[in-house]
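The values are calculated or read from the model by the stated rules, or taken from the named source; none is laboratory data. For clarity, every value in this text was computed on a predicted model and none was experimentally measured. A quick note on method: Cβ atoms are made from the backbone with ideal geometry, for glycine too, and the neighbour counts reach across all protein chains shown. The area values use the complete protein model at the heavy-atom level, side chains included, leaving out ligands, DNA and RNA. Shrake-Rupley method; radii C 1.70, N 1.55, O 1.52, S 1.80 Å.
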Amino acid sequence: MASIIHFDISAEDVLRAKSFYENLFGWKIEKFPYGPTEYYLIETLAKTGEKGIGGGIAKREKSGQHITNFIKVNSMDEAMDKVRELDGEIVEPKSMISNIGHIASCKDTEGNSFGLMEVT
């Protein structure tokens, strides 16, 4: 079964959002060394105290961009084909993230945005 593996928060002011979430939830947020200049990784903790779902904060690139959940898939190409087959939409095609894998952005049949992530 596919699971949410990552989430992205879009922000007008990345450092302001970083401060907000650090202070609100106590999340550890550090600059991502391999990606865009304004991308920060979020480390959360589960109730057990173990590492929780990871996330990131990035500069908002277009209006309507908010929080996106990324679902882990075994094969990006197969998952994208299935999205299309089920009348979903690929909004942003497969792209590579250094030292992580591949991501793509999609919309479901109801217009909800979500991401696919293939970890390599």
Report summary line: Scalar couplings 3J(HN,Hα) for region 85-95 by Karplus 6.51 cos²θ - 1.76 cosθ + 1.60 (θ = phi - 60°), nearest whole Hz, x for Gly and Pro, are 4, 8, 6, x, 9, 8, 8, 10, x, 3, 9
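Specify whether the C-alpha gyration tensor of region 54-101 places it in the rounded, prolate or oblate class, a ≥ b ≥ c being the square roots of the eigenvalues: rounded for a/c under 1.5, otherwise prolate if a/b is larger than b/c and oblate if not. List each step's numbers first, then the result.
On the way: a/c = 2.09, a/b = 1.30, b/c = 1.61.
Note, shape of region 54-101 comes out oblate.
Got a number for carbon plus sulfur as a percent of the chain's accessible area, 1.4 Å probe? Please list the in-between numbers first.
Working: 4090 of 8020 Å².
It is 51 percent, rounded to a whole number.
Count charges around Ile29 for me, please; just the other residues with Cβ under 9 Å from its Cβ, Lys/Arg as +1, Asp/Glu as -1.
Values: positive: Lys18, Lys28, Lys31; negative: Glu22, Glu30, Glu43.
Computed value for this residue: 0.
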Report summary line: One finds the C-alpha centres of region 28-47 and region 3-21 to be spaced, in Å, by 9 Å
Report summary line: Heavy-atom accessible area of Asp87, protein chains in place, probe 1.4 angstrom, given in Å² to nearest 10, is 120 Å²
Query raised in the report: Rounded to the nearest 500, what is the chain's calculated 222 nm mean residue ellipticity when only DSSP H runs of at least 4 contribute -39500 (n - 2.57) each, over all residues?
Result: -5500 deg cm²/dmol
Query raised in the report: Averaged per residue, what accessible area in Å² does the chain show with a 1.4 Å probe, protein chains only?
Result: 67 Å²
Report summary line: Options (1) 53; (2) 58; (3) 67 for percent of Cα pairs over 17 Å apart; the value derived from the coordinates is listed as (2)
**Report entry** His66-Ser95 pseudo-label distance in nm [points 7 Å out on the Cα-to-Cβ vector]
**Finding:** 2.2 nm
Requested in this report: Within region 71-111, find all residues whose amide N lies under 11 Å from a label point positioned 7 Å from the Cα of Thr120 along Cα-to-beta-carbon.
Outcome: 95-103
Query raised in the report: Structure shown: which of Lys51/Lys107; Lys31/Lys59; Lys31/Lys51; Lys72/Lys107; Lys51/Lys82 lie over 20 Å apart, alpha-carbon to alpha-carbon?
Result: Lys51/Lys107; Lys51/Lys82
